[in-house]
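J.: I'd like to ask you about the structure that follows.
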Amino acid sequence: MTLSPRVRRMAVTAHVTVSVGWVGAVLTFIAIAAVGLTSDDATTVRGSYLVMDAAARFVLVPLALLSLATGVVQSLGTPWGLLRHHWVVVKLLITVLATAVLLLYLRTFAAMAGTAADPAAGLDAVRNPSPLVHAVLALGLLLAATVLGVVKPRGLTRFGRRAAENSRNAHYGP
Ligand code: HEM
């Protein structure tokens with residue numbers, strides 16, 4: 001499947017929009033997590049964990065899945081391929097890892113929101129550094145994926161070298 005130049009431009013626009021949008025959403029998430037950890041105001045602390053749960057479900061998860069889906073379309077629909085270049089494979093691994101951890105973490109977000117909504121729970125039980133730590137790690141991974149997407153460093157995988165050889169042989173034949 002090779003995308004026409006017009007469709008490729010639209011596809012890359014969609015890919016960059018959702019992927020870099022995901023980076024921006026993680027930055028906002030870091031700010032909310034930091035407020036939850038440091039604020040002295042009980043309502044603000046409890047509210048932070050409620051907002052983080054909603055933001056993870058309704059913003060981070062859709063952006064992560066869309067980034068993955070548009071990235072795969074972009075790879076398969078262009079000569080880059082999904083497994084031919086190291087930079088594409090690394091981006092794929094980063095995105096799958098970050099998305100999987102996020103999906104597994106949704107139960108934890110729901111549990112933290114439950115504690116935050118419980119007036120009987122003290123603020124020490126509500127505060128939790130885990131979302132901040134995870135979001136900072138995720139930001140590092142997503143920034144690495146952004147740099148790889150823009151720089152596109154050279155380097156073929158073994159599969160990519162074999163595919164390039166096969167297509168040369170098909171053109172020039174024995
Ligand atoms: C955190 C996730 C990701 C981010 C932040 C990201 C970001 C970007 C950026 C900024 C570009 C540059 C567009 C350009 O200048 O040409 C790009 C291109 C690209 N990305 Fe991603 N990306 C992500 C995930 C993925 C995934 C999972 C794949 C594939 C499995 C992928 C495959 C590609 C390909 C093939 C291009 C080149 C498009 C073209 O030249 O037509 N990306 N990405």
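J.: Quick one: dipole size for the range 112-174, taken about the Cα centre, charges +1 on Lys/Arg Cβ and -1 on Asp/Glu Cβ, in debye to the nearest 20.
T.: Working: 7 positive and 3 negative charges, 143 e Å.
In total the dipole reaches around 680 debye.
J.: May I pose another question? Under 13 Å from a point placed 7 Å out from the Cα of residue 143 along the Cα-to-Cβ direction: which residues of the range 53-70 have their backbone N that close?
T.: none
J.: Go ahead and run the numbers for FRET between residue 101 and residue 72, Cβ-Cβ distance against an R0 of 22 Å, rounding to 0.05.
T.: Values: r = 19 Å, r/R0 = 0.85.
Here the calculated transfer efficiency is 0.70.
J.: Could you calculate the contour length gain from residue 161 to residue 13, that is, 0.36 nm times the residue separation minus the distance between their Cα atoms, to one decimal place in nm?
T.: On the way: separation 148, 0.36 × 148 = 53.28 nm, distance 2.86 nm.
Result: 50.4 nm gained on full extension.
J.: Same structure, new question: Where the centre of each part is set by its Cα atoms, how far does the range 8-37 sit from the range 89-111, in angstrom?
T.: 14 Å
J.: So for the chain, taking the charge dipole from beta-carbon charges (+1 Lys/Arg, -1 Asp/Glu), which of 136, 76, 120 sits furthest toward the positive end?
T.: 76
J.: Under the definition of Cα pairs under 8 Å and six or more residues apart, what whole-number percent is the relative contact order of the range 5-172? Show your work: numbers first, answer last.
T.: On the way: 165 pairs, mean separation 54.4, N = 168.
Here the relative contact order equals 32 percent.
J.: Moving on. For 59, 7, 150, what ranking results if the residue with the fewest other Cβ atoms within 10 Å of its Cβ goes first? Spell out each step's value before the answer.
T.: On the way: 59 17, 7 12, 150 8.
Final ranking by Cβ density, sparse to dense: 150, 7, 59.
J.: Where the only charges are on Cβ atoms (+1 Lys, Arg; -1 Asp, Glu), what is the dipole of the chain about its Cα centre, to the nearest 20 debye? Walk me through the numbers on the way to the answer.
T.: Working: 15 positive and 6 negative charges, 260 e Å.
The dipole of the chain has a size of about 1240 debye.
J.: What does the extension gain come out to for residue 151 and residue 58, with contour length at 0.36 nm per residue minus their alpha carbon separation? List each step's numbers first, then the result.
T.: Numbers: separation 93, 0.36 × 93 = 33.48 nm, distance 3.05 nm.
Difference between extended and current length: 30.4 nm.
J.: Please give the residues of the range 1-40, grouped as numeric ranges, whose backbone N is less than 20 Å from a label point set 7 Å along the Cα-to-Cβ vector of residue 123.
T.: Residues 31-40 qualify, since their backbone N sits under 20 Å from the label point.
J.: Divide by every residue of the chain the summed helix terms, -39500 (n - 2.57) for each DSSP H run of at least 4, and state the resulting mean residue ellipticity at 222 nm, rounded to the nearest 500 deg cm²/dmol.
T.: Numbers: 7 runs with 137 residues, N = 174.
Value at 222 nm, helices only, nearest 500: -27000 deg cm²/dmol.
Here, each number is a calculation from the coordinates, and none is a lab measurement. From a predicted model like this one, the values you see are computed outputs, not experimental measurements. Cβ coordinates were reconstructed from backbone atoms using ideal geometry, including for glycine residues, and neighbour counts include every protein chain displayed.
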